[in-house]
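The values are calculated or read from the model by the stated rules, or taken from the named source; none is laboratory data. Computed from a prediction, not measured in an experiment: that's the story for all the values here. Methodologically, a virtual Cβ is constructed for each residue, glycine included, from the backbone with ideal geometry; neighbour enumeration extends over all protein chains shown.
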Amino acid sequence: MKIVIFGNTNNSPLLLAEGLRTLGHNVILLVNRRDLLHRPETRFAEYRRNGYPSWILDYSHVTDEDIACDTGALDDVLHQLTEHVDLVVLNDVGPALSSYLKAPHVVFLTGSDLSYYSNFCSVLSMSHSWSKQFSRSIQGRRQIRRMTDLISRQRNGIASARIVCTVPRGAVPEGDGLLDAIGVTDEQRMPLHLSNVHGLKPRPLGEGPTLRILGGSRIVFRAECHQGFGQIDFKGTDVLLSGFAEYVRRGGKGELTLIEKGQDVGSARHLIKELNIGARTRWLQEMPMHEFYEAMSAADLVCDQFGSSVPGMVTTDAYALGRPVLCNFRNEIFAPYYPKPFPGFTAVTKEDVAQHLLAVEQNRASLEQMARESRDYAEQYLAPEKVAERLLQRCGYGNTSETSQDSVD
């Protein structure tokens with residue numbers, strides 16, 4: 001099969017592409033953003049040195065405005081999406097292009113593609129700071145019309161997808177409301193967690209006396225300050241910091257490392273000062289993913305989200321590296337979709353965080369055991385080729401692997 005993927009939010013579609021290629025399919029990945037977070041070279045350093053392989057194409061010069069206005073900059077993208085293609089996977093603003101397709105499509109939702117680009121409230125968010133004069137102007141009315149049309153096209157692309165890869169019902173209620181309004185059924189929905197088990201090798205935990213803790217998720221926890229954000233964006237960093245402070249107060253000796261990434265870094269610094277844990281906390285600058293993996297490998301315990309989000313690539317990458325995870329896994333929501341719960345130390349409150357940190361500090365063998373279980377789980381259930389196979393089966397393709405010379409560079 002020839003499968004084309006548009007969009008690469010957080011590099012998740014890149015892992016899906018690699019899984020499909022492992023199954024023998026001819027895959028083309030169209031990269032559409034210039035932000036490092038969404039570019040393959042930040043995950044694989046060799047792409048930065050040597051350039052992309054022939055199956056990854058860079059269309060980051062194509063803007064949202066090009067898609068909204070249907071400009072000529074789209075022509076080559078549309079050629080890639082329609083020329084002898086058997087299946088298309090649409091991520092980011094890609095669903096808005098679905099009306100051009102000749103093949104069935106899957107939608108891979110990763111955040112703003114639903115919460116912003118599929119939400120008519122985004123028109124109000126875009127225009128709330130405009131003056132009344134600009135709102136009445138030809139230019140202002142044109143922008144409103146184009147944004148409204150783009151949202152309609154995005155919603156149509158989601159509604160017409162064979163499968164909508166997104167979190168299960170109940171994980172993000174506002175997302176459920178949008179999908180219900182669009183007409184997506186629960187039968188269409190499929191969660192997609194991918195772990196880079198082939199690109200990342202497990203490493204032994206350190207033997208130093210200090211428990212090294214890494215807060216790996218974005219620092220976003222002040223919902224009152226980010227009205228345009230969705231529930232899935234809030235990582236509960238305040239729960240981690242308050243729990244770590246309680247752990248320190250009760251005699252814990254560990255060190256917490258945080259990444260300067262996210263809208264609430266300043267608020268986190270202020271909270272650290274209030275909690276008097278500055279001497280036990282250190283910061284790393286935001287970095288490419290291959291450097292982030294080194295930071296993960298240096299940790300004994302990796303922390304993901306404790307808020308209203310869901311475990312993401314921080315968790316699945318930690319699993320691949322053989323690192324145990326402390327997180328609000330929300331296993332009760334994901335239980336119907338996986339044979340076993342996500343492994344790790346489950347924490348919802350600051351008390352949970354403190355208790356787990358104290359326990360693993362006293363029993364390092366529990367970290368070793370959880371590290372092995374995490375890597376085994378990733379290999380068994382989250383390996384890209386296994387996720388890709390399940391997705392193709394859900395799409396109705398029985399024989400999901402094939403031999404194709406085109407799939408090998």
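Of all the numbered requirements in (1) within 18 Å of the chain's Cα centre (by Cα); (2) surrounded by fewer than 19 Cβ atoms within 10 Å (Cβ to Cβ); (3) small (Gly, Ala, Ser), Ser112 misses one, and that requirement is (2).
Yes or no: region 208-217 includes at least one residue that is free of Cβ contacts under 8 Å to residues at least 24 places away in the same chain, small (Gly, Ala, Ser) and on the phi < 0 side of the Ramachandran plot.
We begin by selecting, within region 208-217, every residue free of Cβ contacts under 8 Å to residues at least 24 places away in the same chain; these are 208.
Now drop any that are not small (Gly, Ala, Ser), which leaves 208.
From what is left, the residues that are on the phi < 0 side of the Ramachandran plot are 208.
Checked region 208-217: at least one residue is free of Cβ contacts under 8 Å to residues at least 24 places away in the same chain, small (Gly, Ala, Ser) and on the phi < 0 side of the Ramachandran plot.
Taking region 318-358, which residues are without any contact (Cβ under 8 Å) to a residue 12 or more places away in the chain and either more than 21 Å from Arg249 (Cα to Cα) or hydrophobic (A, V, I, L, M, F, W, C) (or both)? Of everything in region 318-358, those that are without any contact (Cβ under 8 Å) to a residue 12 or more places away in the chain and either more than 21 Å from Arg249 (Cα to Cα) or hydrophobic (A, V, I, L, M, F, W, C) (or both) turn out to be Glu332, Ala335. For region 41-62, a residue qualifies if it is hydrophobic (A, V, I, L, M, F, W, C) and modelled with pLDDT of 95 or more, and the qualifying residues are Trp55, Ile56, Leu57, Val62. Counting the residues of region 290-347 that are within 23 Å of Phe229 (Cα to Cα) and among the charged types (D, E, K, R) gives 2.
If the Cβ limit is 9 Å and pairs must be 6+ apart or interchain, which residue in region 29-50 that is of a type in the set (Lys, Arg) pairs with which residue that is surrounded by fewer than 14 Cβ atoms within 10 Å (Cβ to Cβ) and part of a loop (DSSP other than H, G, I, E, B)? Taking only residues 6 or more apart or on different chains, the pairs are Arg34/His61.
Residues in region 65-95 that are among the hydrophobic types (A, V, I, L, M, F, W, C) and under 21 Å from Thr185 (Cβ atoms): Leu87, Val88, Val89, Leu90. Candidates in region 305-341 are the residues that are of a type in the set (Phe, Trp, Tyr) and within 17 Å of the chain's Cα centre (by Cα); of these, the one that is surrounded by the most Cβ atoms within 10 Å (Cβ to Cβ) is Tyr319. Checking Leu200, Leu256 one by one, the residue that is surrounded by 20 or more Cβ atoms within 10 Å (Cβ to Cβ) and within 20 Å of the chain's Cα centre (by Cα) is Leu200 and no other.
Please go through region 77-109 and give me each residue that is surrounded by 22 or more Cβ atoms within 10 Å (Cβ to Cβ) and on the phi > 0 side of the Ramachandran plot, ordered by number. Walk me through it before giving the result.
Step one: of region 77-109, the residues surrounded by 22 or more Cβ atoms within 10 Å (Cβ to Cβ) are 81, 87-97, 105-109.
Within region 77-109, just Asp92 meets the criteria.
Residue check: is Ala171 modelled with pLDDT under 95 and either on the phi < 0 side of the Ramachandran plot or of a type in the set (Phe, Trp, Tyr) (or both)?
So Ala171 passes the test.
Give the residues of region 269-290 that are crowded, with 18+ Cβ neighbours inside 10 Å, touching a strand residue (DSSP E or B) at 6+ places or on another chain (Cβ under 7 Å) and aliphatic (A, V, I, L, M), sorted by residue number. Within region 269-290, just Ile272 meets the criteria. Condition first: of a type in the set (D, E, K, R) and either touching a Ser or Thr at 6+ places or on another chain (Cβ under 7 Å) or modelled with pLDDT under 95 (or both). Now tell me which residues in region 174-200 satisfy that. Correct list: Glu174, Asp186, Glu187, Arg189.
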